[in-house]
Amino acid sequence: MVEPIRVAVIDDHPLFREGVAHTIQRSGILQVIAEGATAEDAIRIAKAELPDIVLLDVSMPGGGVEAARAISNACPVVKIIMLTVSESEEHVHEAMEAGVRGYVLKGTSGLELVNTLRAVARGEYYVTPRLAARILALSRRPQKTPVPEGAFPDLTKREEQILDRVARGLTNKEIAKALQISEKTVKHYMTNIMQKLQVRNRVEAALVFRKKPPVK
């Protein structure tokens, strides 16, 4: 029997938290092991229960980013997802810097949330596509500090094709369909790309890609 993915849900709005917990429990493959309302609750639960995933909110009492940073330092085995209303690019960057692996908006569907939890549990990173696309669009503005010549690692044509589509907010499934390859192949390429660029997730990879010096 497959062990369920253990999730802690932290949100200071009881009704919303109960709804999320119900959605998770109903999936059959996820299990809510604890609930809380503050950053202090999140850190305490993470240390005591070591859940597979902790769901936080950026604007929760005590600060979601602060809680994420503390959990990442104390319990690196625990994966963190932000489930929030904030569409701030700054919040996304701060969250990723704090060790968050997923950034999902509260308007998402129950199915998308469950799929995101499963993907993060497998070791993937996820940012709501339309939000990721907006962040990456901002990165196309001229940079004050140019990337040093020779600092960008070589990418294959296929890797550049995939990163270009990531920058446009496409999911792995959409990229696979566009390039007529399997979704598993796209994931394999993304893993290789992130290692080449020395980044932690697809958003950071695309940001670095947008800073690539033009071919002379």
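The values are calculated or read from the model by the stated rules, or taken from the named source; none is laboratory data. Small disclaimer: the values here were computed from a predicted structure and weren't measured. Positions of Cβ are backbone-derived with ideal geometry, glycine not excepted, and every protein chain shown enters the neighbour counts.
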- Can you find even one residue in the range 130-147 that is in contact with a helix residue (DSSP H, G or I) (Cβ under 8 Å, 6 or more places away or on another chain) and modelled with pLDDT of 85 or more? no
Residue set A119, A70; condition touching a helix residue (DSSP H, G or I) at 6+ places or on another chain (Cβ under 6 Å) and not assigned by TED's automatic domain parsing to the domain that holds T191; output residue A70
Within the range 90-111, restricting to residues that are among the aliphatic types (A, V, I, L, M) and in a helix (DSSP H, G or I), the one that is nearest to the chain's Cα centre (by Cα) is M96
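Would you be able to say whether some residue in the range 116-126 is in a loop (DSSP other than H, G, I, E, B) and surrounded by 15 or more Cβ atoms within 10 Å (Cβ to Cβ)?
yes
Given the range 158-214, what helices (runs of 4 or more DSSP H) lie entirely inside it while holding 1 or more residues that are among the aliphatic types (A, V, I, L, M) and out of contact with any Leu (no Cβ under 8 Å at 6 or more places or on another chain)? Before you say what the answer is, go through the steps one by one.
Details: elements: 172-179, 183-197, 202-210.
The qualifying helices (runs of 4 or more DSSP H) are 172-179, 183-197.
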Selection over the range 155-184 where residues are touching a helix residue (DSSP H, G or I) at 6+ places or on another chain (Cβ under 7 Å) and among the hydroxyl-bearing types (S, T, Y) yields a count of 2
